[in-house]
Amino acid sequence: NAGVTQTPKFQVLKTGQSMTLQCAQDMNHNSMYWYRQDPGMGLRLIYYSASEGTTDKGEVPNGYNVSRLNKREFSLRLESAAPSQTSVYFCASSERPRGGDTEAFFGQGTRLTVV
Amino acid sequence: LAKTTQPISMDSYEGQEVNITCSHNNIATNDYITWYQQFPSQGPRFIIQGYKTKVTNEVASLFIPADRKSSTLSLPRVSLSDTAVYYCLAKDSNYQLIWGAGTKLIIKP
């Protein structure tokens with residue numbers, strides 16, 4: 001039972017490079033989320049997708065783009081990486097939108113360093 | 001502006017009951033308050049959620065007073081494996097997710 005799978009687990013980028021973080025869930029959930037986690041700041045929502053075909057900005061969307069490829073997959077793209085984007089990125093999914101009223105399942109995270 | 005505030009860290013000993021309180025201001029009046037647990041190098045894991053009064057499951061209890069300005073996560077008889085960071089989560093009046101900054105709980109033998 002895989003749950004939420006993120007790739008890659010670790011990545012080092014040079015400033016200005018681009019990359020896409022992949023996320024897939026096998027629980028048939030409608031909603032998916034991308035968070036970043038920085039020391040002492042908890043989790044901050046970057047983008048979310050309430051259902052297939054829709055995406056919305058969260059608290060810190062600048063510098064990122066997302067694609068809800070299908071119901072299973074939700075990718076996060078950094079077009080031109082900056083050192084301020086060094087963080088741990090988590091993908092999550094839940095059955096209903098904005099999963100505060102239901103259990104959200106998180107991936108293992110991607111540790112990204114931008115040098 | 002909605003905000004959730006938690007203690008940065010707490011210590012306790014094996015076998016004790018631990019209570020972690022989160023203060024929430026200006027949160028949605030009709031939505032759930034949720035708590036998550038996170039171990040190093042892992043994603044957060046759902047523990048419990050509630051709307052009001054008391055909720056209990058196999059791992060924790062959650063107490064929410066009538067004014068919903070705070071919530072208390074109660075972990076009975078903790079063990080070393082309960083050492084983790086605990087987050088509270090609520091929503092503001094626009095149903096935006098508001099995460100606390102997390103409480104680092106250290107359990108000592």
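None of the figures in this text is laboratory data; all of them are computed from the coordinates on show. Treat the numbers as computed from the prediction; the structure is a model and nothing was measured. Positions of Cβ are generated from backbone atoms using ideal geometry, with glycine treated the same way; all protein chains shown enter the neighbour counts.
Give the average, rounded to an integer, of partner chain Cβ atoms located within 10 angstrom of each Cβ in B:25-38.
Across B:25-38, the average partner-chain Cβ count within 10 Å equals 2.
What are the radius of gyration and Dmax of chain B, computed over its Cα atoms and given in Å?
13.3, 44
Would you work out the relative contact order for the stretch A:44-115, in percent, from Cα pairs under 8 angstrom that are 6 or more residues apart?
Across the stretch A:44-115, relative contact order equals 24 percent.
Sorted from fewest to most neighbouring beta carbons within 10 Å, what does the list B:THR83, B:THR103 look like?
If I rank by nearby Cβ atoms, fewest first, I get B:THR83, B:THR103.
Which pairs, out of A:LYS71/B:LYS69; B:LYS52/B:LYS104; A:LYS9/B:LYS52, put more than 29 Å between their alpha-carbon atoms?
Going by Cα-Cα distance, A:LYS71/B:LYS69; A:LYS9/B:LYS52 fall outside the 29 Å limit.
Return the average number of partner chain Cβ atoms within 10 angstrom of each residue Cβ along peptide B:89-102.
Counting other chains' Cβ atoms within 10 Å and averaging over B:89-102 gives 4.
Take every residue in peptide A:85-93, count the Cβ atoms of other chains within 10 Å of its Cβ, and give the average of those counts.
The shielding value for this peptide is 1.
Using a Gaussian network model of chain B with C-alpha springs under 10 Å, which one of B:VAL78, B:VAL59, B:VAL18 is most mobile by mean-square fluctuation?
B:VAL59
Please rank B:PHE46, A:PHE74, fewest neighbouring Cβ atoms within 10 Å first, as an exposure proxy.
Fewest to most other Cβ atoms nearby, the residues stand as B:PHE46, A:PHE74.
Take A:ARG36, A:ARG68 and order them by how many other Cβ atoms sit within 10 Å, fewest up front.
Exposure proxy ranking, most exposed first: A:ARG68, A:ARG36.
Rounded to whole Hz and in sequence order, give me ³J(HN,Hα) for the stretch B:6-18 from the Karplus expression 6.51 cos²θ - 1.76 cosθ + 1.60, θ = phi - 60°, writing x for Gly and Pro.
For the stretch B:6-18, the Karplus curve yields 10, x, 5, 8, 8, 10, 7, 10, 3, x, 7, 8, 10 Hz.
Which of the aspartates and glutamates could a cross-linker bridge to B:LYS108, judged by Cα under 14 Å and excluding same-chain residues fewer than eight apart?
List returned: B:ASP11, B:GLU14, B:GLU17, B:ASP82.
Residue by residue through the stretch B:94-109, what is 3J(HN,Hα) from phi via Karplus (6.51 cos²θ - 1.76 cosθ + 1.60, θ = phi - 60°)? Round to whole Hz and write x for glycine and proline.
Per-residue couplings from phi come out as 9, 6, 7, 6, 10, 8, x, 7, x, 10, 7, 9, 10, 9, 9, x Hz.
Per residue of the stretch A:52-68, in order, report the coupling 6.51 cos²θ - 1.76 cosθ + 1.60 (Karplus, θ = phi - 60°) as ³J(HN,Hα) in whole Hz, putting x for Gly and Pro.
Using θ = phi - 60°, the values come out as 4, x, 10, 9, 9, 6, x, 6, 10, x, 5, x, 10, 9, 10, 9, 9 Hz.
Given C-alpha coordinates of the protein assembly as shown, what is the ratio Rg to Rh with the Kirkwood estimate of Rh?
Looking at the protein assembly as shown, the ratio lands at 0.97.
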